[in-house]
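These notes concern the structure reproduced below.
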Amino acid sequence: MSGLIQGLSSSPFIAGRAFLAAFLLALAARFQWGDFERPPEWFFCDAALWVLGALALAEITADKIPEFRELLLAVDNYVKPTVAFGITLGVFSPEVSSLLEPMVENPSVSQAGLLVGLQSSFGGGLLSVVLAGINAAGTLFLVRTRNTLLGILVESDQDDDSGLAGMTSWMTDIYVVGGIILFVFAPVVAFLLTGFALAAATWVQQEAERREQKVRVPCSACGHKNLTVALKCAKCGSALPEPKKLSFLGTATTSGAVSNLEQHRQSLLQWKRCPDCGTALPKKEFYQDCSSCGLQTFRDVNEAEKYLSRIEGKISQVLLISGALGLVPVLGLVAGVLYYRWSLIPNLRRYLTRTESLGGRWVVRGINFIILWFQPIPLLGALALPAMCLTNYKFYRSRFKAHLEKMRIEAQSGEYPPR
Ligand SMILES: [Zn+2]
Ligand SMILES: [Zn+2]
């Protein structure tokens, strides 16, 4: 198979992990695995292998740490297509790589030669550039699709309470390693898979668009398309007649009319959505502006207090249920931890910055680790889960309460609301 054509099918793997894919390709070239056309030597020299290896390691590690994962997501759209473009052109295009090689070996002599070479192989070079561009575009499309899917995941689980984002990260690593093995040893299969991946991505994008349209209704006053769960139009502020309930994952639905508006506002806040227009709030901060309607969260001291007391009202029920689950060894423990981490703690944690909860979080983890060992003991074990839940809850509530205290003091001195 021609190098360039094979290079084209690298996009699904580069879209997963750009540097891991590049490192594995260089490794395969170095040890002459598989039968892909020999890339230029600079691509798999010692220095290149070390640099690519370090970048790949950084890429894999960063994706496992939430703070860095967000950073990676922000640069994904630029880095991955660039790597795809560079690899297609520099590694899989015989014209361009043969031009680059003498220049890497002896930069001073080859500048003139490069110009002559560029002119003589202009046709072939141009084709390579076009194909590299196509590969970069394909990579960008796959990266966007991946982020759409991850976005749906993140929307309902911003702190990765379910551990799904972490699991996805490991699966991506495995998939890229497996994919590159295919790419090297069975290029035809990899090529077919790429076609399949692009087709699947097209379907996912269309489906996401359809889903997005389905949960939107036009405002009767201004025509702006609001989320079905919204109480007010994000554009003109007029009240919307029939807000719908949130699903149990906190996503917008098209069925189930809301009966108690005040309660619905609180539910929206619990899922970190704007209490007026229902738009998801992206930051982990106490005060933040809605990107659609500009409303600031907890602008009203009363609303913040009501929010906290509603969560405080849930604690007895959560403790009872986790106590009951704790009676079942192992499985009950897993279910119980998932249950309280999903149903209660995020309501508080969603509004705290990571630095705010960092130190204390490790203390809580330490305490919970000790409590965990009591769980297999009959009867005493039933208390372990509620105790773990309570330490978590107390810690995050104290952080949330600190904000409330600050608000009250600021309100008294006329400094609140801010701005
Ligand atoms: Zn409107
Ligand atoms: Zn809003």
| said: Calculate the FRET efficiency for residue 214 and residue 32 from the Cβ-Cβ distance with a Förster distance of 41 Å, rounded to the nearest 0.05. | reply: 0.20
| If you wrap segment 47-93's Cα atoms in a convex hull and average its projection over all directions, what's the area in nm²? | 3.5
| field | ³J(HN,Hα) computed for each position of segment 367-374 - Karplus, 6.51 cos²θ - 1.76 cosθ + 1.60, integer Hz, glycine/proline x | value | 4, 4, 5, 5, 4, 3, 5, 7
| the chain - percent relative contact order, Cα under 8 Å, separation 6 or more | 13
| said: Please list, ordered by chain and number, the residues whose modelled amide H lies under 5 Å from the amide H of residue 92; skip anything fewer than 5 residues away on the same chain. | reply: none
| message | So for each of 378-389, 250-261 I average, over its residues, the number of other beta carbons within 10 Å; can you give me the resulting order with the highest mean first? | response | 378-389, 250-261
| message | Output wanted: per-residue J couplings in Hz (rounded whole) for segment 165-170, from phi through Karplus 6.51 cos²θ - 1.76 cosθ + 1.60, θ = phi - 60°, x for Gly and Pro. | response | 5, x, 5, 4, 4, 5
| request: Report, in degrees rounded to the nearest 10, the 0 to 90 angle that the Cα long axis of helix 122-156 makes with the longest principal axis of the chain. | output: 10
| note | The set of residues whose placed amide H lies less than 5 Å from the amide H of residue 273, leaving out same-chain residues fewer than 5 positions away, is 281
| Taking the Cα atoms of segment 301-412, what is the range of coordinates along each of the three principal axes, in descending order and whole Å? | 52, 27, 18
| Cα long-axis angle, helix 46-62 against the chain (0 to 90 degrees, to the nearest 10) | 20
| Relative packing of peptides 190-200, 362-372, 263-273 - highest average C-beta neighbours within 10 Å first | 263-273, 190-200, 362-372
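Per the helix-only calculation at 222 nm, which mean residue ellipticity applies to the chain, given -39500 (n - 2.57) for every DSSP H run of n ≥ 4 and division by its residues, nearest 500 deg cm²/dmol?
-23000 deg cm²/dmol
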| said: As I understand it, the value is the acute angle between the Cα axis of helix 301-326 and the longest principal axis of the Cα atoms of the chain; what does it come to in degrees, rounded to 10? | reply: 80
| task | With θ set to phi - 60°, apply the Karplus curve 6.51 cos²θ - 1.76 cosθ + 1.60 along segment 238-253 and write out the HN-Hα couplings as whole Hz, x wherever there is a Gly or Pro. | result | 6, 5, 9, x, 9, x, 9, 6, 7, 6, 5, 9, x, 9, 6, 10
| note | Here the tail fraction of P(r) beyond 27 Å, over all Cα-Cα pairs of the chain, rounds in percent to 63
| request: On each of the three principal axes of the Cα atoms of segment 215-297, give max minus min coordinate, whole Å, ordered largest first. | output: 32, 27, 20
| Once amide H atoms are built 1.01 Å from N in the peptide plane, which residues 5 or more positions from residue 232, or in another chain, come under 5 Å H to H? | 240, 277
| Segments 34-43, 5-14, 401-410 sorted - mean Cβ within 10 Å per residue, highest first | 5-14, 34-43, 401-410
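No lab work stands behind these numbers, since they all come straight from the coordinates. Nothing here was measured: the structure is a model prediction, and the numbers come from that model. Glycine gets a Cβ as well: all are built from the backbone with ideal geometry, and neighbour counts include every protein chain shown.
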